[in-house]
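J.: Below is one structure. I have some questions about it.
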Amino acid sequence: MKVNAPSREASPTAGRVRLSAHISGAGIPDDEVVWADVPESLADGLTDRLDGWLAWLLPHAFESGEDIVLDGPVDATLLRNAHELMEVWSCWRPGKRPVRVEAEMADVPEPLGLRTGLFFTAGVDSFYALLHHDDMVGRHPEWRHRPVDDLIYVEGYDISLRNRAALDRKRVRLQSVAAETGKELVTLATNFRDSRVSLRPNAWGPIVHGPAIVAGGLLLGRRWDTLLVSASFGYDELNPWGSHVVTDPLLSTSATRVRHYGACANSDRMGKTEFLSRSDVALEHLHVCWQAFSDHNCGRCEKCFRTLLALDLVGARDRATSFPAGTFRLDRLPTVWSKKELVVRVYRNLLDQAERLGRADVVAVIAECLAKSRDSC
């Protein structure tokens, strides 16, 4: 598998610069090109190194068992980390082995960025990371961490590039969050998830999406000293997953540290929900729904239901104005119930909280669904 040296040109979208690279290899069409658009105003933060491209394409090389050759320099730290990253994946993906990565090793340090960026989708995890990180930085000046400077949103991942209207509405919402929290919104765009090297859908969740998120940030390697990735799971449930407390930091370079943030709270989903429920900004703009891959919450899918149930238990459901009114009813849980172990764990956590709060109605409906899941095994 080979990644040609990326070209840089004006994007078809006004105010953006496009980086694009031709990808070749076994099973990859001859016309395969992966591109990314970055704001023209941030072009001085672009690196000439292929760090982001390695992050994007290493999962495909690993899954296909094909060595990867990059036609250009890659940060020395990231090159060394790449093998260890694949060693972790090998433990998760029986029968797979690390492949060889060939690239010019860039030993000269990049100009160091001074900003902290947080990949931000306005979900529970990213809102918690934003609010909790800055709160902790204020409480612990001895850590010498910066507050979040930039909220980074990558178009083309949770909402398709083809749904321009939804992306525009999402950007307006994120811009409001940035303005109300004193941050700068950085919007990137890429066709990576729609490309034939993204391993979508089979390996997108288990392997690809963590490196894919970080790749966009590494393109602007001269802007950020630190990139924060919001944790999906807690330290007590370290399941193999594309974004993980073990693997995300291995995407760091000598100039940019990648931090997986919030795993200390993920085992207590209620604690995380209660924390962000103190923020009117979060409750106004919270977006958790992937049902239609759009910019709004449907209010009816399982993910919307569990979020609304958690907000109900902390007394904040009526203030969560980003969800349509009238869609939440406890008796709907059996119709949206999922037997996936990761989802069941969330409901066990909600059950514990409901018992502590004396919410017999919630306890009854969750207990019934859990019992049916056990009986069907």
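The values are calculated or read from the model by the stated rules, or taken from the named source; none is laboratory data. Remember, predicted model here, so these are calculated numbers, not experimental data. Neighbour counts are summed over all protein chains in view; Cβ atoms, including those assigned to glycine, are modelled from backbone coordinates with ideal geometry.
J.: State the number of residues belonging to segment 297-319 that are touching a residue at least 40 places away in the same chain (Cβ under 8 Å) and under 19 Å from the mean Cα position of the chain (by Cα).
T.: 1
J.: What number of residues within segment 335-351 satisfy the criterion of being under 26 Å from N239 (Cα atoms), without any contact (Cβ under 8 Å) to a residue 60 or more places away in the chain and part of a helix (DSSP H, G or I)?
T.: Step one: list which residues in segment 335-351 are under 26 Å from N239 (Cα atoms), which gives 336-351.
Restricting the remaining residues to those that are without any contact (Cβ under 8 Å) to a residue 60 or more places away in the chain gives 336-341, 343-344, 347-348, 351.
Subsequent filtering for residues that are part of a helix (DSSP H, G or I) retains 336, 341, 343-344, 347-348, 351.
Number of matching residues: 7.
J.: What's the number of the condition V363 fails, among (1) touching a residue at least 24 places away in the same chain (Cβ under 8 Å); (2) over 14 Å from G123 (Cα atoms); (3) touching an Asp or Glu at 6+ places or on another chain (Cβ under 9 Å)?
T.: Evaluating V363 over (1) touching a residue at least 24 places away in the same chain (Cβ under 8 Å); (2) over 14 Å from G123 (Cα atoms); (3) touching an Asp or Glu at 6+ places or on another chain (Cβ under 9 Å) leaves (1) as the failure.
J.: Criterion first (assigned by TED's automatic domain parsing to the domain that holds R359, surrounded by fewer than 19 Cβ atoms within 10 Å (Cβ to Cβ) and at pLDDT 95 or above) does R257 satisfy it?
T.: On the way: assigned by TED's automatic domain parsing to the domain that holds R359: no; surrounded by fewer than 19 Cβ atoms within 10 Å (Cβ to Cβ): yes; at pLDDT 95 or above: yes.
Spelling it out, it is not the case that R257 is assigned by TED's automatic domain parsing to the domain that holds R359, surrounded by fewer than 19 Cβ atoms within 10 Å (Cβ to Cβ) and at pLDDT 95 or above.
J.: Would you point out which residue out of T273, T247 is touching a residue at least 40 places away in the same chain (Cβ under 8 Å), outside the structural domain of S64 (by TED's automatic domain parsing), more than 30 Å from V108 (Cβ to Cβ) and surrounded by 23 or more Cβ atoms within 10 Å (Cβ to Cβ)?
T.: Numbers: T247 fails: more than 30 Å from V108 (Cβ to Cβ).
Of T273, T247, the one residue that is touching a residue at least 40 places away in the same chain (Cβ under 8 Å), outside the structural domain of S64 (by TED's automatic domain parsing), more than 30 Å from V108 (Cβ to Cβ) and surrounded by 23 or more Cβ atoms within 10 Å (Cβ to Cβ) is T273.
J.: Go through (1) in contact with a strand residue (DSSP E or B) (Cβ under 7 Å, 6 or more places away or on another chain); (2) in a loop (DSSP other than H, G, I, E, B) and name the single condition H145 misses.
T.: (1)
J.: Inside segment 215-233, can you point out the residues that are closer than 21 Å to G123 by Cα and in contact with an Asp or Glu (Cβ under 7 Å, 6 or more places away or on another chain)? Break it down stepwise before answering.
T.: Of segment 215-233, the ones closer than 21 Å to G123 by Cα are 215-217, 226-233.
Result: V229, S230, A231, S232.
J.: Might you check whether a residue that is more than 20 Å from the chain's Cα centre (by Cα), modelled with pLDDT of 95 or more, at negative phi and surrounded by 13 or more Cβ atoms within 10 Å (Cβ to Cβ) occurs anywhere in segment 106-116? Please lay out each step first, then the result.
T.: Taking segment 106-116 as the starting set, the residues that turn out to be more than 20 Å from the chain's Cα centre (by Cα) are 106-114.
Then drop every residue that is not modelled with pLDDT of 95 or more, which leaves none.
Taking every residue of segment 106-116 in turn, none turns out to be more than 20 Å from the chain's Cα centre (by Cα), modelled with pLDDT of 95 or more, at negative phi and surrounded by 13 or more Cβ atoms within 10 Å (Cβ to Cβ).
J.: Consider only pairs whose beta carbons are under 6 Å apart and that are at least six residues apart or on different chains; among these, list those whose first residue lies in segment 120-143 and is at positive phi and whose second residue is surrounded by fewer than 13 Cβ atoms within 10 Å (Cβ to Cβ) and in a loop (DSSP other than H, G, I, E, B).
T.: none
J.: Between a first residue in segment 66-89 that is over 19 Å from D107 (Cβ atoms) and a second residue that is assigned to a helix (DSSP H, G or I) and of a type in the set (V, I, T), which pairs have beta carbons less than 7 Å apart while being 6 or more apart in sequence or on different chains?
T.: Every condition considered, the pairs that remain are W89/I207.
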